[in-house]
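The values are calculated or read from the model by the stated rules, or taken from the named source; none is laboratory data. Just so it is clear, the model here is predicted, and its values are computed rather than measured. Cβ placement follows ideal geometry from the backbone for every residue including glycine, while neighbour counts extend to all protein chains displayed. We work out accessible area using only protein heavy atoms, side chains counted, and drop any ligands, DNA or RNA first. Shrake-Rupley method; radii C 1.70, N 1.55, O 1.52, S 1.80 Å.
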Number of protein chains: 4
Amino acid sequence: MKNKNIYTDLATETRDLYLQDSQEDEIDGIDFNIFEDDEYSVKISFIEILNEKGEKSMGKPIGSYVTLESDELKVNDIDAHEKIIKLLADEIGKLHKLSEKSSVLIIGLGNRSVTPDSLGPKVVSKILVTRHIKEVLPESLGDGVRSVSALSPGVMGMTGIETKETVKGVVDRIKPDLVIAIDALAARSVSRINSTIQLSDTGISPGAGLGNNRKKLDIETLGVKVLAIGVPTVVDAATLINDSLDKILDEMIQECSESSYFYEMLNSLSSEEKHGLISNILAPCDGNMFVTPKEVDATIDRLSNIIANAINIALHPNITKEDINRYMY
Amino acid sequence: MKNKNIYTDLATETRDLYLQDSQEDEIDGIDFNIFEDDEYSVKISFIEILNEKGEKSMGKPIGSYVTLESDELKVNDIDAHEKIIKLLADEIGKLHKLSEKSSVLIIGLGNRSVTPDSLGPKVVSKILVTRHIKEVLPESLGDGVRSVSALSPGVMGMTGIETKETVKGVVDRIKPDLVIAIDALAARSVSRINSTIQLSDTGISPGAGLGNNRKKLDIETLGVKVLAIGVPTVVDAATLINDSLDKILDEMIQECSESSYFYEMLNSLSSEEKHGLISNILAPCDGNMFVTPKEVDATIDRLSNIIANAINIALHPNITKEDINRYMY
Amino acid sequence: MKNKNIYTDLATETRDLYLQDSQEDEIDGIDFNIFEDDEYSVKISFIEILNEKGEKSMGKPIGSYVTLESDELKVNDIDAHEKIIKLLADEIGKLHKLSEKSSVLIIGLGNRSVTPDSLGPKVVSKILVTRHIKEVLPESLGDGVRSVSALSPGVMGMTGIETKETVKGVVDRIKPDLVIAIDALAARSVSRINSTIQLSDTGISPGAGLGNNRKKLDIETLGVKVLAIGVPTVVDAATLINDSLDKILDEMIQECSESSYFYEMLNSLSSEEKHGLISNILAPCDGNMFVTPKEVDATIDRLSNIIANAINIALHPNITKEDINRYMY
Amino acid sequence: MKNKNIYTDLATETRDLYLQDSQEDEIDGIDFNIFEDDEYSVKISFIEILNEKGEKSMGKPIGSYVTLESDELKVNDIDAHEKIIKLLADEIGKLHKLSEKSSVLIIGLGNRSVTPDSLGPKVVSKILVTRHIKEVLPESLGDGVRSVSALSPGVMGMTGIETKETVKGVVDRIKPDLVIAIDALAARSVSRINSTIQLSDTGISPGAGLGNNRKKLDIETLGVKVLAIGVPTVVDAATLINDSLDKILDEMIQECSESSYFYEMLNSLSSEEKHGLISNILAPCDGNMFVTPKEVDATIDRLSNIIANAINIALHPNITKEDINRYMY
């Protein structure tokens, strides 16, 4: 199966697909490390794209990609979630060093009216915002509480405005030192859905998860570093059908490997033909369909809690529970 | 491709699949008629399952199944929607004759927190309820306004209660003459999604659309006739992959029809094998995944308006706009 | 100020008003006790209405009324909230002894679309429901996990059905051993708003908080004991104006106490006259107005978390965090 | 009753209070006209503040204030609403002349989680946005369809950002020719609630309705003209109590007018004393309380429909229903 399109929002999936495709053991120009927490079966992969070579192989810009994976994200395990919150807060802190005076703007991407796309706005609703207090009563906040603001800019179909324009406009006014953008992503594989959180310091393209190619939010477009936090909550329907078909044809090819004629036949079904057939099937909905699990509402609630807590802890390191009490409302 | 599972919530899809499978022109024991409105390209199919023979072929109980289809349901065409509302109100009226004193309970099935499953609760929120006024001030309502009540019982995963139990409990207390139940359904084909409204007088199984096999709401379980209104808003992911695979293999078989060996090979991929392969792919989400279009929020808003308006008109035939004004709030 | 109407949903307010009015130190036929937790300034009052005499004085039925008061409910103090959750869970447990096999139905009263009235539905959305699992896989739940179901029946203006009918219907079907009903109440005094939680074992009248006189949910109407949990989230506008006027006139009377003529004048403004004047002011909105704090959204979120957690702990006493993990979804 | 604070968001209330207070017939420096539609009992008042003198008397900037009043806004009268939509669309068009190429940004002020404050975000959700299509496919829109975008910037307590900063940032990026800002206001009188729509061309202070003094959105702060649309949905609790008290004392004074001693007594209750007493009563909620009708959810739905429709018609004058069909989604 050649010519396989290996695009996915997740760096770790890209890497897996590249290695599988190229039959190699590592990719030139990238660093790869893994950390595993056995107690709660949490795995964190660190992919560092070091140079243009890595950039080309991965189809992603130079920078750090941290992927936290755990099936505990799919269930309601409080202890595991506390552990994951701590690990996540640590990684957020490591991806971008903040000084005590740094100010941060949190951007919740996505459409609050479509359940699997509502992750970003839900996280924003749980962020401990302090900027308005910092401006007026800085002394009331004490040390270790940073200036944090948060915005859900909505989606272009509802606002008529590119998300990039809204965010750039606000960034120009309030001049944060860092933007953290949260979005629902599209995974390649069903097994990733709601079990993976990806951090990266290279920015994010709003709406990538639900199939729109929007202008990127990154240091070039916003003038300030953008830390992206993404969770795959859907798989694109065309991609899922295509990949499923590949797996099934692979299976058939293996079973019937003695028949070179048959092998040729199956292999001759080109990507284009398959793509055309699948497009036909999905045409009545313009191809813009996604696949998501039935219990997506509960999952989005759970994930938004975990991510909002990790951000709150990462941004206010000296904060104690008593401090949160004073600032939360 | 034998052994094809032809189950779908839509009678008209079942009929198409049966005819295609059996290579026949009609099904014994069912009546079939079509009405077409050319101005707005609305098609209404009437399937009457007449006897046990028809019941067996269709896998659905004896009764009437009315399917309104129009691509206008997918766009925002006010004139077409007014026409569809009128046609729908007429068909609701024909499926069950109500006397002036009849009372009706509207049940909105589904989960309001999962966008494509929120059709039923959204319709209920737009129903003109009058029962509480009828009980206390019947004379204030005048003629032609029936006693209407409405309830969204929630889903079992949230309540711990079978929907049938909640509805049966309420029916036993308020003793309506008719129950109208609205639910999101699963279609077999992507082309049906959000372009089809099915009415039937044989009851409904809550949650069928999102894959749960719940106890049916019908005259046997509730003791009162149940008119069901369903709109396919999703396709089950496993079904979509399976059907896509079938289409693609069919295509391959046709292309290479000269090779009887190849034909055998492809055809030998049994339903069970395919089912096993697909289950494997979807296993990480327990197989409970659905496919739905990106703009599902706007679509559900539009469809719930159309259905609620049709019900309001069908149930209060003598009502004028002035009357609505007096009773709505 | 004679003829003062002392009605309020809160037994502790009724008692205060009675004592103030009667100038006595205690009320015949009621027992009164107080517990105070100094660490978190939580006060719990226990009012036991023992007989008909107490019933008459209080205008409330024989039974137990437990009122937890703490200004910590108005702020975001995690430690205080954990303490309050534990105290609340204890009192729920004491008000009605449950056996291991007892099943409980939670009813969330109120209108989810009006922020200060959405407490009940919000609590229900956070309840750990187990009844559907208990029915099918009882052994999977282990000991100490009771059968719990939960329902938000909606308000009569939306459903056309008296809440009592919906609840009675469901109770008759699923036959719980106890009903716990949660509702937003109306306080008499602004100082009670969002700082008080009242438990009682005598049932509840849905919608009392927002001014409607609905049929009571209690052992007589439902055939099963009803434990009520209420939080005052509003003050009725007419009541607030009336009480404010009384306070101001009292102040004037005290200031000018030497003038018996003036005293007579002010005192001669009868309840009826005042009531008439206030009704006039509120007439354009039919008098159905309520007063609530600006930040009511955050407050309702906080209170629904506290109450749902207390119920979850009270009903599943042997549950560990690991168990919750297994049953929550 | 001197020293009465006559502040209110509504110019027409300010005028009434000024005239009543000053016992004059007209205000120097303002023009006043009335239009009445008898069929639907709609009244439109036009207040033009012409110069600094008018500005000082009214406590509002020079400019036009158009107030539409109708009790039909409180009920569900479709015909009256269609009439009001047309009148409103006309007045919007007259307040600011747009050329065919003008672009407009709609801003929905307020907090979507607090029912009476959610008017702005609800209007925004019903606006026909076209800017993103205009940018890419201008020819597909035809004539008479203007470039419209829409944003709900959230409230400062949730975002940490002054609303003015967010709006200014977006305005600087997308450079609209006009901003239309919608907000829930506070009325002085209960009779205004939900029965009045005020338009003005002088800008708006976000959050005025619920008591926060935010930075104004107007041509000075944004660099572009701001047309404000406001509906009073609440009365401030302290204001309502104060005004009620005044009315009742006025009544007492009139009744007992023969007693000059009594008159002196009552009149001696100064504004400060009253204010102090009322502040005391509301202190437990920091004084930030509002009064709103019980059925506020239905009212906000109705008003947001009317305002959104009026804006859609005013901004796209040549649009036909068929055009809406093509652009709406």
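Some notes on this structure:
- Residue in segment D:152-163 that is of a type in the set (A, V, I, L, M) and under 25 Å from residue D:314 (Cβ atoms) present: no
- Taking the criterion of being part of a strand (DSSP E or B), aromatic (Phe, Trp, Tyr) and surrounded by fewer than 20 Cβ atoms within 10 Å (Cβ to Cβ), the only residue of segment A:38-86 that qualifies is A:46.
- If you go through segment B:45-78 and keep only what is closer than 30 Å to residue D:309 by Cβ and either over 20 Å from the mean Cα position of the chain (by Cα) or in contact (Cβ under 8 Å) with a residue 12 or more places away in the chain (or both), you end up with B:68, B:69, B:70, B:71, B:72, B:73, B:74, B:76, B:77, B:78.
- Verdict on residue D:186 being crowded, with 20+ Cβ neighbours inside 10 Å, under 23 Å from residue A:174 (Cα atoms) and touching a Leu at 6+ places or on another chain (Cβ under 9 Å): no
- Qualifying residue in segment D:42-59 (condition: closer than 30 Å to residue B:128 by Cα and among the basic types (Lys, Arg)): yes
- Failed criterion for residue D:175 (all others in (1) open to solvent by 10 Å² or more (accessible area, probe 1.4 Å); (2) modelled with pLDDT of 95 or more; (3) in contact with a Leu (Cβ under 8 Å, 6 or more places away or on another chain) hold): (3)
- Close pairs from segment A:230-258: first more than 21 Å from residue A:109 (Cα to Cα), partner of a type in the set (Phe, Trp, Tyr) and modelled with pLDDT under 75, Cβ under 8 Å, at least 6 apart: A:253/A:262; A:253/A:263; A:256/A:262; A:256/A:263; A:257/A:263
- When residue D:127 is tested against (1) open to solvent by 10 Å² or more (accessible area, probe 1.4 Å); (2) out of contact with any strand residue (DSSP E or B) (no Cβ under 7 Å at 6 or more places or on another chain), just one condition goes unmet, and that condition is (2).
- Restricting attention to segment B:304-313, the residues that are buried (at least 24 other Cβ atoms within 10 Å of the Cβ) and either in contact with a helix residue (DSSP H, G or I) (Cβ under 6 Å, 6 or more places away or on another chain) or not in a helix (DSSP H, G or I) (or both) total 2.
- Residue pairs whose Cβ atoms lie under 8 Å apart, sitting 6 or more positions apart in sequence or on different chains, and linking a residue in segment C:14-39 that is more than 30 Å from residue C:79 (Cα to Cα) to a partner that is in a strand (DSSP E or B) and among the β-branched types (Val, Ile, Thr), are C:15/C:30; C:15/C:47; C:29/C:49; C:30/C:47; C:30/C:49; C:31/C:47.
- Helices (runs of 4 or more DSSP H) wholly inside segment C:88-207 that include at least 2 residues being at the interface with another protein chain (Cβ under 8 Å from one of its Cβ atoms): C:131-136, C:156-159, C:163-174
- The residue that is farthest from residue C:167 (Cα to Cα), among those in segment B:135-164 that are without any contact (Cβ under 8 Å) to a residue 40 or more places away in the chain and crowded, with 20+ Cβ neighbours inside 10 Å, is B:160.
- Filtered by the rule that a residue be under 23 Å from the mean Cα position of the chain (by Cα) and among the acidic types (Asp, Glu), segment C:159-177 gives C:162, C:165, C:177.
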